[in-house]
Every structure is written in structure tokens, then in C-alpha cells.
1. Looking at (1) surrounded by 14 or more Cβ atoms within 10 Å (Cβ to Cβ); (2) in contact (Cβ under 8 Å) with a residue 24 or more places away in the chain; (3) in a helix (DSSP H, G or I), which is the one condition that is false for VAL82?
2. Scan segment 144-159 and report the pairs whose first residue is in contact (Cβ under 8 Å) with a residue 24 or more places away in the chain and whose second residue is open to solvent by 30 Å² or more (accessible area, probe 1.4 Å) and of a type in the set (Gly, Ala, Ser), with Cβ atoms within less than 9 Å and a gap of 6+ or a chain change.
3. Name the residue, out of GLY384, GLY371, GLY364, that is within 16 Å of GLU316 (Cα to Cα) and among the small types (Gly, Ala, Ser).
4. How many of the residues making up segment 239-285 are open to solvent by 80 Å² or more (accessible area, probe 1.4 Å) and touching a residue at least 40 places away in the same chain (Cβ under 8 Å)?
5. Evaluate segment 163-178: report whether one residue or more is assigned to a helix (DSSP H, G or I), modelled with pLDDT of 90 or more and in contact with a helix residue (DSSP H, G or I) (Cβ under 6 Å, 6 or more places away or on another chain).
6. Search segment 43-71 for residues that are within 23 Å of GLY101 (Cα to Cα) and pair each with any residue that is of a type in the set (Gly, Ala, Ser) when their beta-carbon atoms are under 6 Å apart and the residues are at least 6 apart or on different chains.
7. Against the condition aromatic (Phe, Trp, Tyr), at pLDDT 90 or above and in a helix (DSSP H, G or I), how does PHE104 come out, does it pass?
8. From the list THR148, THR115, which residue is in a helix (DSSP H, G or I) and in contact with a Cys (Cβ under 9 Å, 6 or more places away or on another chain)?
Amino acid sequence: MTLTPPPRWKTHAPTGSAKSGNVLGRTIIFNPDATNRKNLLLLIQLRWLAVAGQVITIAAIEWGFGIDLPLPEMAAVVLSLVGLNLASLLFLRMARPVSNGVLFASLLLDMTALTAQLYLSGGASNPFVSLYLLQITLGAVLLAPWSTWVLVAAASLCFVLLTMVFLPIEMSHHGGDLLDLHIRGMFVCFILAAGLIVLFMTRINRNLRERDAYLADLRQQSAEEDHIVRMGLLASGAAHELGTPLSTISVLLGDWRHSDIIARHPELLGDVDEMQAQLDRCKRIVSGILMSSGQARGEGSVHTTARDFLDGLVAEWRDHRSPAQLDYDNEFEPDEPIVSDAALKQVIFNVLDNAFEASPQWVGVTARRQGQALVLMVRDRGKGFDKEILAALGKPYMSSKGREGGGLGLFLVVNVIRKLGGTVTARNTGRGACVTLTLPLDALAAGDENGI
């Protein structure tokens, strides 16, 4: 069935960094920029911690240990990190794409600032030189392999240069305490690096897991909708094939009706009329399949209102199924012009049929408006859904009917409603089951020239 959604339901990426695909006429786009934006925000938070840590460390060394440091130059490096963070936040607010290059540049600038501070405070002899490993670890997780190796090469080069070019620190008054001071500094650096690696690696891995879960959902959705396409092709092909024999039978029944032998036997004439009625019903079913598969488009869509559409649909279903009791309550107010579609009608019929099969004695239907959405609840008094079906709602071949091919009706319902931007939920009420369809009115808008 081809329910072609309005163009506004398509999602478009702001840049060329997104990956897109088309499933059942809908553009599905995965934009890796979303994950990169989260990771850039984590780097910004890490940089704020680095600024605070540098200020505290410089103050402790200058006034706590009485070691003279080039404060103006080191303060300039700290201010440059603050400026970099403000620029990064502005970059995020501008909704610009965050690529591998942006993350790589951020880490490279952080490494440059660290190198500048180490140059001003003893070079490679500074115990905080091992913080280069923090930058490399983050790069190994966030960046493409080539970028990480560039970081490794840059950190190695900086380390070598710091062994030859640096501003020495005058600590002669500490005497034999230099080694002890250096070891304490190494311990502080170790605690700091280990804590930051655990904290930020955990959060980065969470972002990556969310991205992988999103991709898995898209792949599953694509596979399910591909299943629908194949079923639609099969159904339309079968409908075309059935058209010729049904037409032949209709001609033969017309000849029988005018036959003298049949005319002399009223009971045979009644059988012929009944056969013709059932044949006409088969033709309507075949026409419905062709309309819902997009091959009789001019007859498939009808301009109406939400209340009239639901009233007519429920009345038609009642006439065909004749439930013992049908409680129908149409609370949709105010009314809304919509375009009904044969496929949407079949979807709702599927839900009603499932309720009728579970509870032939009673079916309840309630329609109401919830903001800009149509909410349709179908209830029954059957045994309810199994836990496995509720957990895998809308998956094909998940059915409690115990027959091959069961569960496809609900599978089609979930995917067609989802394609229109709506949702399907199911729950057990204690006295049966309730299936709720929620459809955005924009997807049914009468002003949409494309229809549903």
C-alpha cells in the first residue's frame, strides 16, 4: 500500500554530512552530526574543568609552595582557553555541522594550550606532561584513525621539543624536596587524568551507544517497511490476476439469469442472485486492494471531515461484521476537514476486526481530539494480549491466533500509522485489550494536495 505522506513529513539534514535513504516514499535521514555535537559539548565541559584546574594549580604553586611562575603569560593561556570555549559555544548555537575536523581542531588547540603551559613551567620535567595521554585517549574514541595518529605525532613532537626548549623554574630553596615534590605532582596528575578519562569516556560511550541504537532502529524500520512493499506488490499482483476470472464468472452468471431453465426455478434464480452478490463483494475487495496499492488513485482519496469519516467507517464495519454489541462514541470536537484514504480505512478495519475476533459479543470504539491529533481507541473483552506480543508490538508473525501468517494485520497497522507520523499503543485493561491509534491531523489535512 502506498500512503504517500506530505512533503512536510520528510526530514532534511542541514548539511551534506547526513546519510539518507528512501523507504516507502519517506525520506529517512541519519545525521551523525547530532552525536558529534554532543561530543563537542563534552569537550567544552572538559575545557572548563581544565581552566578551573589550571587556575587552582597555578595559585597553589605560586602561593602555596612559593614557586615563582610567569603569571601574565600563563594567565593569557587560560584566557585563550576561555575564549576558545566561548567561540565553541557560539559555533554550536549557529547550528553549524560538527565534523571530524572540528573535533580534531578542538583537541589540537587543547594540546597547544597544554604545551604552552608546560613550556612556561619547566617543560618535560613538569609532572603534568602526562596529560598528553588524555588528549590522545579522547582522540582515539572521537576521531577518525588518521586524526588520532596525527595527535599522537603532535604530542610526541611537543614532548621532544619540551625537553630542549622551556622556561626553567627556580626552586633552589626547596633543596632535597624536589624529588618528593615531583612525585606528589605526578600523583595529582595521575588522579586527575584517571578521573577525567573515566568520567568523559563513560559519557562519550553513552553518546556512541545512543547513535548505534538509533541506527539499529532505522535498519529495523527499513526492513519492516520493505516487507510491507513486498506484501503490497504481492497483493496488487494477486488482485490483477483475480480480475479476469471474476469478470468471466460475472458474465456467466448474467447468462444464467436470462436462461429459461433458471427462470423456471425461483430457488435457482435466488442462488444465482446470491452468487452475484458475493461476486460483487469480491470485486469490491479487489478494487480496494488496487486502490490502497496506488493503482486506482482517483477513487482512493475522498475529501470529508474527521467525524463523518469515522461515522461512515464504523457504520460500514458494523454492517459487514454485525457484532452483537458495538459501543461507539465520537467525541472528536471541533471537527476538522481531512482527506480519507482507502488504505487508512483498511488499517482501522484491521484493528476493529482483531477486536471482533477476540470479543464477538462486544466491541467499544471511542474517538476524540487531543490537541492537533486524532485519537481512536478500540477496546474488546477478550483474553487480552500476551506479554510477548505487547513487548514486540507490530512485529510480523507475532500473533496469539495460532495460525501461519498471523500478526501481519497489526504489523501493517503499526507501520502505516507510523509512516503518517502517528503512534500505535496496546495494553490490557483487565477485562480485555485496548488498542489506541494516534494520528497527527496535519497528515490528514484536506489542504494537502498530495493526500495521505
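1. (1)
2. Listed by first residue and then by second, the contacts come to SER147/GLY101; LEU151/ALA140.
3. Details: GLY384 fails: within 16 Å of GLU316 (Cα to Cα); GLY371 fails: within 16 Å of GLU316 (Cα to Cα).
Of the residues listed, the single one that is within 16 Å of GLU316 (Cα to Cα) and among the small types (Gly, Ala, Ser) is GLY364.
4. 2
5. Let us first name the residues in segment 163-178 that are assigned to a helix (DSSP H, G or I), namely 163-164, 172-178.
After this cut, where a residue has to be modelled with pLDDT of 90 or more as well, the list is 163-164.
Checking the rest, the ones that are also in contact with a helix residue (DSSP H, G or I) (Cβ under 6 Å, 6 or more places away or on another chain) come to 163.
Checked against the condition, which is being assigned to a helix (DSSP H, G or I), modelled with pLDDT of 90 or more and in contact with a helix residue (DSSP H, G or I) (Cβ under 6 Å, 6 or more places away or on another chain), segment 163-178 yields at least one hit.
6. Cβ pairs passing all conditions: LEU43/SER106; ILE44/SER88.
7. On the way: aromatic (Phe, Trp, Tyr): yes; at pLDDT 90 or above: yes; in a helix (DSSP H, G or I): yes.
In short, yes.
8. Going through THR148, THR115 in turn, just one is in a helix (DSSP H, G or I) and in contact with a Cys (Cβ under 9 Å, 6 or more places away or on another chain): THR115.
The values are calculated or read from the model by the stated rules, or taken from the named source; none is laboratory data. A quick note: this is a predicted structure, and the numbers were derived from the prediction, not measured. Here Cβ is always computed from backbone atoms with ideal geometry, including for glycine, and neighbour counts include all displayed protein chains. SASA here: full protein model, heavy atoms, side chains in, ligands and nucleic acids out. Shrake-Rupley method; radii C 1.70, N 1.55, O 1.52, S 1.80 Å.
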